[in-house]
């Protein structure tokens with residue numbers, strides 16, 4: 001099977017996500033997976049392409065359900081979570097991933113953006129914080145330029161936004177990347193275009 005054929009099967013399998021009004025249920029996905037596996041054993045090339053397309057369709061639906069899970073499950077109530085900071089502006093905007101929820105590890109970790117409050121200590125990427133969170137799913141509206149903030153947040157793997165009610169640091173050490181960028185920032189301070197060099 002050629003790689004271009006597999007690429008066409010991927011595109012055809014994922015394309016229905018653009019037009020489906022609602023994601024199919026788990027029972028439907030199980031049936032489609034079983035049906036695709038049965039089709040894969042038929043020794044006709046076209047039927048095998050259809051089976052591969054169906055498997056990519058199921059994969060796309062499962063990936064979409066995984067993204068929507070965070071927005072449907074974690075919103076509303078206050079959540080006890082361990083958050084690993086992935087980026088920060090050093091003040092009131094912090095990007096992170098929820099690695100543990102109610103004491104249980106989450107994989108893959110959903111991303112979130114925390115707005116509006118200073119953390120109790122100096123913050124840098126790589127730190128782990130125990131937090132009480134109040135989160136909501138990112139909602140977007142198209143602006144005049146056609147920018148959709150909801151699609152952007154999902155593409156950045158940060159489907160949640162919110163604020164923390166309490167926070168205490170668990171692991172205060174920064175990641176090696178954050179330490180390197182901090183040292184590089186102090187080294188480049190005398191240069192007039194230091195912000196451009198760091199980007």
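Quick note: the coordinates plus some simple rules give every number you see, no bench work behind them. Here the structure is a predicted model, which means the values were calculated and not measured. All Cβ positions, glycine included, derive from the backbone under ideal geometry; neighbour counts span all protein chains shown.
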List the extent of the Cα atoms of the chain along each of their three principal axes, largest first, rounded to whole Å. 66, 43, 38
For region 119-136 versus region 57-73, the gap between their alpha-carbon centres in whole angstrom: 26
To check you understand DSSP bridge types, tell me what percent of the beta bridges within the chain (both residues inside) are antiparallel, rounded to 5. 90
Of the residues 137, 70, 40, which exhibits the maximal mean-square fluctuation in a Gaussian network model of the chain defined by a 10 Å Cα contact cut-off? 40
Using only Cα atoms, figure out Rg for region 111-192 and give it as a multiple of 2.2 N^0.38 Å. 1.39
Please report the relative contact order for region 22-87, taking Cα pairs under 8 Å with a sequence separation of at least 6, and give it as a percent rounded to a whole number. 27
Separation of alpha-carbon centers, region 158-199 and region 1-33, rounded to whole Å: 39
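Arrange 98, 19, 10 by Cβ neighbour counts within 10 Å, fewest through most, would you?
The fewest-first ordering by Cβ neighbours comes to 19, 10, 98.
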Nearest 10 degrees, 0 to 90: what angle lies between the long axis of helix 3-14 and the longest principal axis of the chain (Cα atoms)? 80
Rg (one decimal) and Dmax (whole number) from the Cα set of region 3-73, in Å, equal 13.0, 43
Between helix 176-187 and the chain, what is the angle of the helix's C-alpha long axis to the longest principal axis, kept within 0 to 90° and rounded to the nearest 10? 50
So, relative contact order of region 49-190 in percent, Cα under 8 Å, 6 or more apart, is 24
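Kindly put 94, 139 in sequence by how many other C-beta atoms sit within 10 Å of each C-beta, fewest to most.
Values: 94 27, 139 10.
Least to most surrounded, the residues fall as 139, 94.
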What residue among 174, 37, 124 has the largest mean-square fluctuation in a Gaussian network model of the chain, using Cα springs under 10 Å? 37
